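Worksheet for the structure shown next.
What follows is calculated from the coordinates using simple rules that are stated; it is not laboratory data. Because the structure is predicted, anything quoted here is derived from the model rather than measured. Here Cβ is always computed from backbone atoms with ideal geometry, including for glycine, and neighbour counts include all displayed protein chains.
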Amino acid sequence: MFKESGRKWFEVQQLELLYYTRPDAEKLCSASMTNRRKALLLDRKGKVVATSCSSIFLHTTGGDAAMDKEQQEFQHVPVLLEECIRGLNIKPEGTYVDGTLGGAGHAARVAALLSGSGRLIGIDQDADAVAAAGQRLAPYHEHTVIVRSNYREIRGIMEELNISGVDGILLDLGVSSWQLDCAGRGFSYREDAMLDMRMDDRQEKTARDIVNCYSEQELYHVIRDYGEDAFAKNIAKHIVRARQDKPIETTFELNGIIQAAIPAKVRMAKGHPSKKTFQAIRIELNRELEVLRESLDIMIDLLNPNGRLCIITFHSLEDRIVKQNFRKNENPCTCPPNFPVCVCGKKPKGSQLTKKPVLPSEQECAKNSRAKSAKLRIFQKI
Ligand SMILES: C[S@@+](CC[C@H](N)C(=O)[O-])C[C@H]1O[C@@H](n2cnc3c(N)ncnc32)[C@H](O)[C@@H]1O
C-alpha cells in the first residue's frame, strides 16, 4: 500500500484493478491485503461483490484537495449525449456498461436514471479517467462499479461481477479532451512532452518506441492507414533519416520532422501538419482498431434480449468496423444468394436501429469541435 496525492493504492499482484466508490470501502477491503494474489471486494453487509481484482484503488473521502483539483481539471464535453441516452433506452432496474468511461460524462447521466437494482459498470484503462469518474459517480455509488481495464476484457469483468447479461453497452471511442490537453501524456502536438501516448500507463511500449523502432515501411503504413495522410511516405522517410543522428524523444522534435516532410504550400493551407501522424501513432500504439474489432461480437453476445449496443466513432476506419459488424450480426447468413433456403444455419442476433449513423447537430458541432467527426450507430439484440 502506498499513498499518492491523498489516494491510497492497494496492489494485489497479477489481477485487474477495481475502483470502488463507497466511503467505507477502505475498511471493508483491508481483508484483501492479507492475500496478495486475491482480493475480495465486499459491500456494506459484507457480501462479496467482486473477487480476484489485481489492484483495488480507493480514494480516501473527506476534503481531498488534490483529488478535487484533478476532477475540476478533467474537462471533457460528452458527445451526442442525448442521442446515446435515448439509444440505450435505459430501464431503471437494468444493467449498463460504459466501456470507455472517461470523465463519466455519459455514465453520470445513465447512473442518474437507475434505481433499485439498476447497475452501471464503468470501464476505462486510464488511471486518471478512473479517478475522475470515481468522483463524478460518487453520488451514485450504490449503483456503480468502476473497473480499470481494457474493454476487450468485458467478458471476464462481467464474470468477475457475476453478471451474465446486460441491457446496454456504450463505447465513446478514442481519447478524451482531457487526455489530449494533458501536456505530460504526449498525445498532443501542441504541447512539448516526451513521446508517450499510452492510455494505459501499465503498458511498456510508448509512442517513442514506434517512432524510433518501426521500419520505414511500417511507419508509412501506420501513417497512411490510420492517419490517412497524403504525405505518409515522405513523413516516414524523414522520421527514419532524423533518427539516424539521435533518437526522437519529444512531440516537438517530431513536429519539426513532420513539418519538413510536408510542402510549405500544403502546410499553410490545411490544419496542423502533425495532426494526422499523431492520430495514427496513437491508434497504432493503443491498438484501437484491433481491440474494437475483437470486442463487438463479445459485446453483442453479452446483451440481454432487446439490449442495445451504442457506439460513437470518430474515425472512418472505426465506423467501417462497426458498420460491417452490425451488418454481419443482422444478417450472418453465408449461403449463396441463389439458395432457396438457408443451409449455413447462422441466425441473426438482432438488428441495426441506425441504417445511417446518427450525427451531431450543427449547434453541438459549433459548441464542441470534437463532435464534428462523431458518428453514432446502435444495434439491438433480438
Ligand atoms: C472519448 S473518452 C470517453 C469520454 C466519456 N464518454 C465522457 O463523456 O466523459 C474515451 C475514453 O475511453 C478510454 N478508452 C479508450 N479505449 C479504451 C479501451 N480499449 N479500453 C478501456 N478504455 C478505453 C480512454 O482512456 C478515454 O478515457
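Are there trypsin sites (Lys or Arg not before Pro) in segment 106-188 that DSSP marks as loop and that have at most 11 other Cβ atoms within 10 Å, and which are they?
The qualifying sites: there are none.
Select from segment 284-382 those trypsin sites (Lys or Arg not before Pro) which occupy a DSSP coil region and have at most 11 other Cβ atoms within 10 Å, ordered by residue number.
Qualifying residues, ordered by number: LYS355.
May I ask which residue of ILE248, PHE231, ALA207 lies farthest towards the positive end of the charge dipole of segment 201-285, with charges of +1 (Lys, Arg) and -1 (Asp, Glu) on Cβ and the Cα centre as origin?
About the Cα centre, the residue reaching furthest to the positive side is PHE231.
My understanding is that a pair violates if its Cα-Cα distance is over 31 Å; which of LYS265/LYS372; LYS237/LYS356; LYS276/LYS346; LYS91/LYS347; LYS276/LYS349 do that in this structure?
Flagged as over cut-off: LYS237/LYS356; LYS276/LYS346; LYS276/LYS349.
Extending each Cα 7 Å along its Cβ direction at ASP192 and ARG287, get the distance between those two points in nm, one decimal.
Simple spin-label model gives 3.5 nm for this pair.
Taking neighbour Cβ counts within 10 Å as the exposure measure, how do TYR96, TYR151 sort from fewest upward?
TYR151, TYR96
Computed FRET efficiency, Cβ-Cβ of LYS367 and THR334, R0 45 Å: what is it to the nearest 0.05?
0.50
HIS221 versus ASP301, label points 7 Å from Cα toward the beta carbon: distance in nm?
Each label point lies 7 Å from its Cα, and together they span 2.8 nm.
Using a 10 Å cut-off around each Cβ, can you sort ASP209, ASP245, ASP172, ASP126 from fewest to most neighbouring Cβ atoms?
Listed from fewest to most nearby Cβ atoms, that is ASP245, ASP209, ASP126, ASP172.
Pull out the extension gain between GLU204 and GLU142, defined as 0.36 nm times the separation in residues minus the alpha carbon to alpha carbon distance; nm, one decimal.
Extra length available between GLU204 and GLU142 comes to 18.8 nm.
Once R0 is set to 22 Å, what does the formula 1/(1 + (r/R0)^6) return for the Cβ-Cβ distance between ALA264 and ALA183, expressed as a FRET efficiency to the nearest 0.05?
Once rounded, the FRET efficiency stands at 0.20.
Give the order of SER164, SER188 when sorted by the count of other beta carbons within 10 angstrom, beginning with the fewest.
Fewest-to-most ranking of SER164, SER188: SER164, SER188.
Quick check on segment 73-119: take the gyration tensor over C-alpha atoms, sort the square-rooted eigenvalues as a ≥ b ≥ c, and tell me if it's rounded (a/c under 1.5), prolate or oblate.
prolate
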